[in-house]
Amino acid sequence: MSEQHSGAGVRQYSGNYCSQRQFYSSGDILEEYANWGEVRRVELTKETGGSAAKARNAGILQAKGEYLLFVDCDDVLLPGAISALLQKAQQTGADIVQGGWQYLDGDGKFGAAQRFAEHIYEKRTAYDCLDLPGTPWAKLYRRSLFDEIRFPAGYTCFEDAVIHFLIFPAAEKIASISQVVYAWRRNANGITFTSQGTKKAVQAYWIVEELLEKQKNTDQPVLALWERIFDAGRYHFLSSGNELTPPDLLGIWTGDCNAGWGGYYHLDANLNLQVSGGNTGAMPEVMEGYFHLNEVWRKDFETNAAKLLGCRGMLACGNTPGLSSGLMASINDFYPYHYATGEEAWLLYPFWEHYLITEDQGFLKNRLFPLLKCMGDFYEDFLKYKDDEGHYIIAGSVSPENQPSNLRVSLLNNSAFDLSGARFLLSTLVKVCDLLGEEQGINGGKVRWQRLLNELPPYRINKDGAIKEWGWPGLEESYNHRHSSHLMMVWPYREFSEDKTPELYKAAHKALQMRDQYNYENAGHGYLHAALIAAGLHDASSLKKKMMTFTQKDFYYNSLSTAHYPNHGTFCTDVCHSVPGVLIEMLVGSNEEGIDLLPALVDGIRQGCISGIKTRCGVTIEHLSWNLSQNKVSVTLYSAKDRKIRMKAGQTYDRTIQLKKGKTYKATIDYQ
């Protein structure tokens with residue numbers, strides 16, 4: 001129904017109605033409006049009738065007015081409803097106006113009402129508009145919103161999900177009013193009640209299929225889909241982890257029948273990526289399982305180190321069935337995991353990240369420090385030989401599952417993967433010694449570990465200007481590969497930065513660009529790690545390409561669980577569990593010094609918000625919102641203690657800010 005005006009007041013209504021009159025009296029009611037203006041009947045045929053979706057679509061096609069309003073055939077539009085909704089639309093320029101509603105019982109008695117605050121939503125944001133229902137009724141819509149969108153005619157349930165996932169995102173401005181404008185009849189024989197617990201309820205999946213299909217036909221993010229995969233990824237992650245174990249390659253859904261890769265935990269990328277958003281995304285329930293599992297593995301990892309390398313300390317095992325064993329079970333000349341010494345560093349990084357976020361001294365002293373100290377012992381035994389420049393040689397070193405292009409051998413020297421792992425572990429161990437006052441003095445371990453750190457070899461840059469994957473003379477790069485293990489110093493370790501190590505930062509970016517020329521062998525984990533690295537290098541274009549690959553190439557099933565390869569090739573939860581971490585890093589970068597807002601925001605997400613993000617400087621981002629059309633970014637921070645941090649946003653904003661214990665800090669930034 002649409003409404004026309006002359007002067008200040010409501011003067012004339014015009015509209016279309018679609019009704020199956022043998023069941024309802026909607027047509028009789030609408031005919032009374034004919035005396036107010038022009039009302040046209042749209043007769044429903046077999047093709048255009050039979051469901052609410054088809055009837056609405058028929059009306060949309062015939063509508064001529066500026067606005068649309070939907071009324072279900074057994075509900076009641078309350079007096080003054082259209083005037084109130086239309087007045088708000090004209091006052092605010094809103095594309096959608098939401099009114100309140102109340103229950104109407106079968107005996108004609110009115111029940112409880114749902115009212116909404118008077119509010120304006122400038123463009124849809126997930127955390128704001130989730131307060132508004134996705135039902136089609138009790139709303140006024142600008143008709144142009146439905147120019148290319150229709151209700152799914154083949155569905156009888158949940159067809160109104162169009163409103164929340166397609167219409168809301170298309171609106172530039174949404175308003176709500178407090179007036180109750182609609183009565184929804186509680187009909188025991190209606191679809192809402194009769195579909196519960198039946199196969200019809202599965203039709204809820206249709207909106208996911210529609211969103212996935214829409215993403216395949218556009219080069220811009222379908223924001224409703226991206227929000228959906230963020231939420232679904234966190235849901236799947238929480239569902240498949242517990243206080244004893246995190247998810248493995250398959251979550252909890254495949255069991256032990258034909259499980260890909262045996263269903264094992266793989267420790268050179270997969271498990272590490274799956275927990276990438278666990279700390280920053282505030283999911284301690286699953287991260288506790290991750291910490292517990294690694295602590296359980298310690299004894300077997302010590303056996304690996306002693307029996308395979310003759311060292312104290314720990315040696316991770318490449319892959320493992322889980323709690324039952326951390327012993328090395330598979331060694332061959334292509335996968336010499338007994339020399340992948342960088343694995344344990346990657347496994348321990350989330351422990352350090354947890355401490356940076358929580359500043360939990362008990363966790364640091366009782367859980368992380370013993371493991372770091374154990375690795376200090378390992379490097380004292382493992383690092384024995386030096387090169388002509390006086391640097392230790394990481395003798396026996398691998399870059400996971402890759403080989404130089406000119407030498408098809410896996411076991412070599414000085415891989416960037418193992419080097420960055422040693423640098424992370426030793427530097428963190430030295431920091432923790434100072435934080436806890438442990439191993440100090442000339443006879444303390446800190447002196448020995450600092451010396452080892454100082455004498456590690458430097459990172460090398462190749463003839464392309466990129467970080468060398470193997471820092472040993474004569475070994476050529478092999479860019480066409482699924483792993484990006486040589487860029488661990490960007491993510492997760494954050495060792496490189498644009499201002500402190502500009503040459504290495506630039507070389508790391510070049511290494512990413514060289515990998516990006518290829519397709520990461522279409523492996524989900526390959527795209528994931530590269531996307532996280534792209535976020536760390538502020539390369540929004542590279543990150544976007546990888547996200548579009550996931551959402552356009554059938555990595556996602558309609559359940560929003562995922563495959564390891566495109567075209568639903570081999571079920572694997574790497575992608576669905578890791579994408580929330582990618583999106584968090586796209587919006588919030590952080591290190592021990594401070595935070596970086598929108599470091600890799602991809603083209604097409606000009607407005608939005610996120611809440612509850614934990615950062616590695618001990619600060620919680622309670623709320624972050626942005627509107628690039630206005631060049632504005634707003635942020636609310638919380639700190640449990642007094643502290644100064646560095647806060648960056650865009651190209652021009654870079655300041656030190658003072659946070660007060662237990663107080664929120666709010667800022668609105670001109671974003672350039």
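Table for the structure above
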| item | result |
| --- | --- |
| Nonlocal amide H pairs with Gly594, under 5 Å, H built at 1.01 Å | Arg646 |
| Sites matching chymotrypsin sites (Phe, Trp or Tyr not before Pro) across the range 469-515 that sit in DSSP coil, with at most 11 neighbouring C-beta atoms within 10 Å | none |
| Charged-residue dipole, Cβ positions (Lys, Arg, Asp, Glu), the chain about Cα centre, Debye nearest 20 | 1060 debye |
| Per-pair calculated FRET efficiency, R0 = 45 Å: Ser83 and Tyr565 via Cβ, rounded to 0.05 | 0.20 |
| Cα-centre dipole for the range 527-672 with unit charges at Cβ (Lys and Arg positive, Asp and Glu negative), debye to 20 | 560 debye |
| FRET efficiency, 1/(1 + (r/R0)^6) with R0 45 Å, evaluated for Tyr205 and Ser324 via beta carbons | 0.80 |
| Computed [θ] at 222 nm, deg cm²/dmol, the chain (DSSP H ≥ 4; -39,500 (n - 2.57); rounded to nearest 500) | -9500 deg cm²/dmol |
| Accessible surface of Ile442 - all protein chains present, 1.4 Å probe, nearest 10 Å² | 150 Å² |
| Val409-Trp253 pseudo-label distance in nm [points 7 Å out on the Cα-to-Cβ vector] | 4.4 nm |
| Amide H partners (placed H, <5 Å) of Gly277, local residues excluded | Gly581 |
| Nearby lysines by direct alpha-carbon distance to Lys365 (threshold 23 angstrom, same-chain neighbours under 8 apart not counted) | Lys299, Lys373, Lys431, Lys446, Lys614, Lys641 |
| Coil-residue chymotrypsin sites (Phe, Trp or Tyr not before Pro) of the range 255-334, DSSP, other Cβ within 10 Å capped at 16 | Phe334 |
| Given charges at beta-carbon only (K, R positive; D, E negative), |dipole| of the range 596-664 in Debye | 420 debye |
| The range 358-421: chymotrypsin sites (Phe, Trp or Tyr not before Pro) falling in loop per DSSP and having at most 13 other Cβ within 10 Å | Tyr385 |
| Sites Asp388 and Gln91 - FRET efficiency at Förster radius 56 Å, r taken between beta-carbons, to 0.05 | 0.10 |
| Paramagnetic reach from Gln630 in the range 644-670 [backbone N under 14 Å; point 7 Å along Cα→Cβ] | 667-670 |
| Leading residue at positive end of dipole, the range 414-561 (Cβ point charges), from Val447, Met489, Asn519 | Asn519 |
| Cα-Cα over 28 Å, subset of Lys506/Lys663; Lys506/Lys546; Lys463/Lys553; Lys139/Lys214 | Lys506/Lys663; Lys463/Lys553 |
| Largest-first ordering by accessible area, 1.4 Å probe, given options Glu122, Glu243, Glu438 | Glu243, Glu122, Glu438 |
| For Leu250, residues with placed amide H under 5 Å, excluding near neighbours | Thr573 |
| Equivalent-ellipsoid semi-axes of the chain, from the Cα gyration tensor, Å, largest first | 56, 26, 22 |
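The values are calculated or read from the model by the stated rules, or taken from the named source; none is laboratory data. Everything numeric in this text was worked out from a predicted model, so none of it was measured. No Cβ is skipped: glycine too gets one built from the backbone with ideal geometry, and neighbour counts run over all protein chains shown. In case anyone asks, the SASA skips ligands and DNA or RNA and just uses the protein heavy atoms, side chains included. Shrake-Rupley method; radii C 1.70, N 1.55, O 1.52, S 1.80 Å.
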